[in-house]
Amino acid sequence: MSPNIVDLRPAIKTETIPAHIAEEIETFEAEAQRVLGGDLSNDIFKPFRLQYGIYGQRQPGVQMVRIKIPFGGLTGNQLRRVAELADRFATGVGHVTTRQDIQLHFVELKHVPEMMRLLASVGLTTREACANTVRNVTACHLAGVCQGEVFDVTPYAKTVALHLLRNPLNQSLPRKFKIALSGCRQDCALTPIHDIGLLAAKRTDGAIGFRMVAGGGLGSTPRIAQVLREFTPMDELLPTIEAVIKVFDTLGNRKNRNKARMKFVIEKLGFDEFKRRWEAAYAAMGYAVPTHEPIELLEYADEPPLLMPTKAPVISNGNGHGNGAAFLNGDVSAFHAWKRTNVVLQRQAGFTTAAIKLPMGDLTGDQMWTIADLAERYSNGNIRTTINQNMVIRWIPEGRLEEFYGELLTHSLGDPGAELVEDIIACPGTDTCGLGITSSKGMARALAEVFPAGQVPEDLRDVSVKISGCHNSCAQHHIATIGLHGVGKRLGEHTAPHYELHLGGHVDGTPKIGQLTVKLPAKSVPAAVRHLVDVYRRDRKNGETLQAFITRVGKVALKEELIPYT
Ligand code: HEM
Ligand code: SF4
């Protein structure tokens, strides 16, 4: 990067840090200094550090900093700040996670308090991004612009997130607690795998509210959440959630963290008894009688940009005339391929949302500056992270897409295939995670041979591939059409990396955990997956998706097909 680029960058706008936040950062700083000075052991410091969103890494002495991005919404200004921190204190790379956060890796503890202050001055925090707390509240990245949504869940996601952040109720739960909100049954925020999932609903009288499910979660014991409340009126949303958290807080297992998630509380009590306890907790809060106040919604400004949509330019069929755009590496057909996979039309006529594909969620500080800049020049300055580890810019006038794509290309951000099968999800794995058994990111790169970016055929469009480096399921392999998790297999003196293959998981419609089908040596996985696709093409019925094919054919027959690769 040349110095003049840095000089041209806009200044980051900051606000005064609220006193209570400044104070909590000072407390963190004092504790961190005690650790660095040898006066406090790392073991005692650890739970405190996690509460503030700072995780250890596989590599000793460095930290992972997880920045919470409620519902994935951040401004260009905030993204510039993250970029600055990535360059100054981390590896120059940020990582968008499957729960819409952004992580910075290889950070020295001594720099963390300064980073916290710099984040706080633009309204961001790492607080309660890890540990036994309510984690980032996630939501569909298309909320507010999606053609199919019942209503925009964004203000509700923001209100729930801010209501629970630093809330005494949420400081020392038995285990982590995850909440997600989706705008329709397509369920892009994956509500069935959350402790609380909220699906937008409308009653016949026109009132809007949420269908609330509880007790989902992945990890080594995956569970699909069950319906706790068919219709939660908006005014009762916060107390309804609080009552669930209270039941969990009281009954969760604090002795064995492997049995501590709320799904285990429900399993032990039975869902009916859990529901009864929740009703009792709700009534005890005084909400059984309808005297409560209406919800005070926080606003989220996401208005159309001042640029008015113009008619899309007439594009000739790739003969080099008439498109008017000077793509450095692409041509018109490349633009169309990208548009087909990365752009959706908004419910607001003339506006589009474009996804920027980030390979396995990673992007450089320079790319963050670029995205911030593009969001301001082509849209209203807002960006959202997605649970498929990408970023989207909404409100782009359709007529400006081609020009926008040209700019993405010059910054290596114009890959097609965002949110589709070639957009493989992988957890950090052995690259940085202390629990990793296999290199999930390496496997994702190997599988790119089977699902090449921008060239995946139409019949595999809706397939998802997710790879975790161990059974903890950070990449959510249980809900993928093709899910893989890393295990070690002893072969004489050595342990060889293997993957368990899970097939047929999904969350839309009737959610289903993928079936554990076969254990494969890491090196055979690409060939086995290719064979699975071949078998599907050979034996499918007319119009059958891979998902439907897996369900119909079943585990036994598919295992038989894949045994030669084990
Ligand atoms: C006992 C240990 C762990 C368990 C049981 C666990 C489990 C999970 C699960 C189930 C998810 C995501 C799926 C969901 O939403 O439910 C997740 C997310 C994630 N985990 Fe872990 N995990 C563990 C440790 C780690 C470690 C050590 C790392 C790496 C430093 C890590 C990195 C991640 C990342 C990057 C995500 C997406 C994060 C987010 O924004 O919340 N996890 N974890
Ligand atoms: S799935 Fe396992 S290897 Fe991957 S990040 Fe989670 S704990 Fe680490």
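Tabulated values for the structure
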{"read-out": "Cross-link pairs Lys246/Lys466; Lys259/Lys489; Lys466/Lys559; Lys339/Lys519 - those with Cα-Cα distance over 31 Å", "value": "Lys246/Lys466; Lys339/Lys519"}
{"read-out": "Mean Cα-pair separation over length for the stretch 430-565, i.e. relative contact order, pairs under 8 Å, 6 or more apart, %", "value": "19"}
{"read-out": "Segments 458-465, 472-479, 20-27 sorted - mean Cβ within 10 Å per residue, highest first", "value": "472-479, 458-465, 20-27"}
{"read-out": "Burial order of peptide ranges 103-115, 84-96 (average beta-carbon count within 10 Å, highest first)", "value": "84-96, 103-115"}
{"read-out": "Relative contact order of the chain, defined on C-alpha pairs under 8 angstrom at six or more residues apart (%)", "value": "12"}
{"read-out": "Greater than 21 Å apart at Cα, pairs in Lys178/Lys441; Lys441/Lys523; Lys178/Lys202; Lys158/Lys178", "value": "Lys178/Lys441; Lys178/Lys202"}
{"read-out": "Within the chain: Cβ-based charge dipole about Cα centre, in debye rounded to nearest 20 (Lys, Arg +1; Asp, Glu -1)", "value": "1780"}
{"read-out": "Peptide ranges 239-246, 186-193 listed from the most packed, as the mean C-beta count within 10 angstrom indicates", "value": "186-193, 239-246"}
{"read-out": "Alpha-carbon centroids, the stretch 117-143 and the stretch 183-243: separation in whole Å", "value": "20"}
{"read-out": "The chain: Cys lacking any partner C-beta under 4.7 angstrom", "value": "Cys130, Cys146, Cys184, Cys433, Cys470"}
{"read-out": "Relative contact order (percent, whole number), the stretch 3-120, Cα cutoff 8 Å, 6+ residue spacing", "value": "27"}
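Computed from the coordinates by the stated procedures, all read-outs in this text should not be read as laboratory data. Given the structure is predicted, the values throughout are model-derived calculations rather than measurements. Using ideal geometry, Cβ is built from the backbone for each residue, glycine included, and neighbour counts are taken over all protein chains shown.
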